[in-house]
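Accompanying notes for the structure given below.
The values are calculated or read from the model by the stated rules, or taken from the named source; none is laboratory data. Keep in mind it's a predicted model, so treat the numbers as computed, not measured. FYI the Cβ positions are ideal-geometry reconstructions off the backbone, even for glycines, and counts take in every protein chain you see. We work out accessible area using only protein heavy atoms, side chains counted, and drop any ligands, DNA or RNA first. Shrake-Rupley method; radii C 1.70, N 1.55, O 1.52, S 1.80 Å.
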Amino acid sequence: MINTKSSAFILLALLVTAVFMGAVYGPIAALFSGLFKAEVRYSGASLGYQVGSILGGGIAPTVATALYASYSSTTPIGLYLTGVTSLSLACVWVVTRKTD
């Protein structure tokens, strides 16, 4: 949608993303609290969340910039994000299977 250079399409993409982000952030606290014993729950959840934010949110803009500089296209960035999302979904699936 960004390649269209249409403000309406970009706004639509941001709104759809916001809906899905809300659906993710709702249950994430319950998931994290179920992963750790009460004695280390706060530290464990915080450490996992912060390291994930650094690795996911801190590296992504650099990778996206490098991909765009190399290929002059947003398609590799989309493929990168698809791969990272698939990896994240696999991790959530494995974690939720262990907590059942």
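What longest region of the chain stays clear of trypsin sites (Lys or Arg not before Pro) that DSSP places outside H, G, I, E and B and that have at most 15 other Cβ atoms within 10 Å?
Longest gap between qualifying sites, sites excluded: 38-100.
If I compute solvent accessible area with a 1.4 Å probe over the protein chains, what percent of it on the chain is carbon and sulfur?
Ligands and nucleic acids excluded, carbon and sulfur give 72 percent.
Between Ala64 and Leu35, take the C-beta separation as r, use R0 = 25 Å, and let me know the FRET efficiency to the nearest 0.05.
The formula returns an efficiency of 0.25 here.
No solvent, one uniform scatterer per C-alpha: report log10 I(q)/I(0) for the chain via the Debye equation at q = 0.10, 0.20 1/Å, two decimals.
Reported log10 I(q)/I(0), two decimals: -0.39, -1.17.
Using DSSP H assignments, which helices in the chain have an axial alpha-carbon span of 30 Å or above and a mean Kyte-Doolittle hydropathy of -1.0 or higher?
The qualifying helices are 7-35, 75-99.
Less than 19 Å from a label point 7 Å out along the Cα-to-Cβ axis of Leu81: which backbone N atoms in the range 13-44 qualify, by residue?
Under cut-off, by backbone N: 13-25.
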